[in-house]
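A.B. asks: Sharing a structure with you now.
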Amino acid sequence: MQRAQIVRIEQHHALVRSFFLVPEQPVPFVAGQFVAIAMEAGGTERSYSIANRPGNAELELCISLKPDGYMSPALFAMKPGDTLYLSEARGSFTLPADGTEVCMICTGTGIAPFRSMLLDALQKGDTRKFYLISGNRYAAEALYHAEMTALAARYPNFCYLPTLSREEAAGIAHGYVHPIYEQLFTDGRDARFLVCGWTAMLSETRRKLKEMGYNRRQYFFESYDG
Ligand SMILES: Cc1cc2nc3c(=O)[nH]c(=O)nc-3n(C[C@H](O)[C@H](O)[C@H](O)COP(=O)(O)OP(=O)(O)OC[C@H]3O[C@@H](n4cnc5c(N)ncnc54)[C@H](O)[C@@H]3O)c2cc1C
């Protein structure tokens, strides 16, 4: 692990903040990977997806506060200028190399690796079809909503599909993420499903994708419960 400085903190809403870190040595990563952080060398670690695209000196981590937790309350008490410890980039939850269309499904901060993948792929001119189905409870909690809306307006091969489970809002679907991909893929065509977030949503999505006839070569999961 190496030392990294928090250079900036941006609040998305009361329970989610982006922490911008500059490590002493650059951390090369592939979009979709995560880093582990610790408060001191050799201390307890927690993993966080890298939310920005590769090629920046800064790493952005988009973190939700678990008030009874260990790491997230400690992080939410930190300020720009404070330092912590950071691992190398880890994990294999990255965009499949083939050109098959990709359906990304997430809730809450599960959007982080998808933001990195989309910014990277679209700006590099990747022309395959991308869907991002992003579920939140309330409109105020929809992370990167303006940015994803703008990205979808700019790239015809990217379709942004936000949904809110506890609030109705203009231009946003109402309900959970599941009916959206069920309706999009009723024809059972080949696709790669990338799913990120907490276990309950992941298990339900895996069950539904299996029912729809998809298999382990077509779906990939990043579980935030470890
Ligand atoms: C690959 C990966 C990537 C991740 N990326 C992100 C990300 O981008 N953003 C993000 O916000 N999170 C991410 N996570 C989750 C993150 O690693 C932490 O799990 C999360 O921040 C909670 O850590 P914590 O130390 O604050 O809470 P913890 O101490 O781990 O506790 C988590 C929750 O469990 C409850 N809890 C704790 N102990 C107990 C107990 N004994 N009994 C019952 N309940 C208990 C707490 O009340 C709390 O609500 C990722 C996880 C993985 C594995």
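The values are calculated or read from the model by the stated rules, or taken from the named source; none is laboratory data. Computed from a predicted model, the values in this text were never measured in an experiment. Because the Cβ atoms are built from the backbone with ideal geometry, glycine has one as well, and the counts that use them run over all protein chains shown. Side chains included, ligands, DNA and RNA excluded: accessible areas come from the protein's heavy atoms. Shrake-Rupley method; radii C 1.70, N 1.55, O 1.52, S 1.80 Å.
A.B. asks: Which of the residues belonging to region 44-66 are open to solvent by 20 Å² or more (accessible area, probe 1.4 Å) and more than 7 Å from the ligand (Cβ to nearest atom)?
C.D. replies: Within region 44-66, Thr44, Glu45, Arg53, Pro54, Gly55, Asn56, Ala57, Glu58, Leu65 meet the criteria.
A.B. asks: Got at least one residue in region 165-172 being within 25 Å of Leu122 (Cβ to Cβ) and not hydrophobic (A, V, I, L, M, F, W, C)?
C.D. replies: Yes: region 165-172 contains one or more residues that are within 25 Å of Leu122 (Cβ to Cβ) and not hydrophobic (A, V, I, L, M, F, W, C).
A.B. asks: Right, next: Only residues that are open to solvent by less than 20 Å² (accessible area, probe 1.4 Å) and not in a helix (DSSP H, G or I): list them for region 206-226, please. I'd like the intermediate steps shown before the answer.
C.D. replies: At the first step, the residues of region 206-226 found to be open to solvent by less than 20 Å² (accessible area, probe 1.4 Å) are 209, 214, 219.
Selection gives Tyr214, Tyr219.
A.B. asks: Let me ask something additional. Across region 123-140, what is the number of residues that are open to solvent by 30 Å² or more (accessible area, probe 1.4 Å) and under 22 Å from Leu65 (Cβ atoms)?
C.D. replies: 4
A.B. asks: Also, I was wondering about something else. Name, by its number, the condition in (1) closer than 18 Å to Ala191 by Cα; (2) in a strand (DSSP E or B) that does not hold for Tyr85.
C.D. replies: Answer for Tyr85: the failing condition is (1).
Yes/no matrix, rows are residues, columns are (1) touching a strand residue (DSSP E or B) at 6+ places or on another chain (Cβ under 6 Å); (2) touching a residue at least 24 places away in the same chain (Cβ under 8 Å); (3) over 20 Å from Cys62 (Cβ atoms):
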site	(1), (2), (3)
Gly99	no, yes, yes
Tyr138	no, yes, no
Glu141	yes, yes, no
Arg166	no, yes, yes
Phe193	yes, yes, yes
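A.B. asks: For region 193-205, give me each residue that is in contact with a Phe, Trp or Tyr (Cβ under 7 Å, 6 or more places away or on another chain) and not in a loop (DSSP other than H, G, I, E, B).
C.D. replies: Going residue by residue through region 193-205, those that are in contact with a Phe, Trp or Tyr (Cβ under 7 Å, 6 or more places away or on another chain) are 193-198, 202.
Phe193, Leu194, Val195, Cys196, Gly197, Leu202, listed by residue number.
A.B. asks: Name the single residue that is surrounded by the most Cβ atoms within 10 Å (Cβ to Cβ) among those in region 187-205 being among the hydrophobic types (A, V, I, L, M, F, W, C) and more than 16 Å from the ligand (Cβ to nearest atom). Even if it seems obvious, please write down each step before you answer.
C.D. replies: Within region 187-205, the first condition is being among the hydrophobic types (A, V, I, L, M, F, W, C), and the residues that meet it are 191, 193-196, 198, 200-202.
Next, only the ones that are more than 16 Å from the ligand (Cβ to nearest atom) stay: 191, 193.
Numbers: Ala191: 18, Phe193: 22.
Out of the qualifying residues, it is Phe193.
A.B. asks: Next question, about the same structure. Which of the residues belonging to region 75-98 are modelled with pLDDT of 95 or more and among the aliphatic types (A, V, I, L, M)?
C.D. replies: From region 75-98, those modelled with pLDDT of 95 or more are 75-96; that's our starting set.
Passing the criteria: Leu75, Ala77, Met78, Leu84, Leu86, Ala89, Leu95.
A.B. asks: Follow-up question, since we're still on this one. What are the residue pairs meeting all of these: first residue in region 171-186, first residue open to solvent by 20 Å² or more (accessible area, probe 1.4 Å), second residue charged (D, E, K, R) and in a loop (DSSP other than H, G, I, E, B), Cβ atoms under 7 Å, and 6 or more apart or on different chains?
C.D. replies: So the pair list comes out as His174/Glu168.
A.B. asks: Could you tell me whether region 22-43 includes any residue that is part of a strand (DSSP E or B) and of a type in the set (Asp, Glu)? Walk me through how you get there before you give the answer.
C.D. replies: Taking region 22-43 and keeping what is part of a strand (DSSP E or B), we get 22-23, 34-38.
Then keep just the ones that are of a type in the set (Asp, Glu); that gives none.
There is no residue in region 22-43 that is part of a strand (DSSP E or B) and of a type in the set (Asp, Glu).
A.B. asks: Can you pull out the residues in region 141-169 that are in contact with a helix residue (DSSP H, G or I) (Cβ under 9 Å, 6 or more places away or on another chain), open to solvent by 60 Å² or more (accessible area, probe 1.4 Å) and not charged (D, E, K, R)?
C.D. replies: His145
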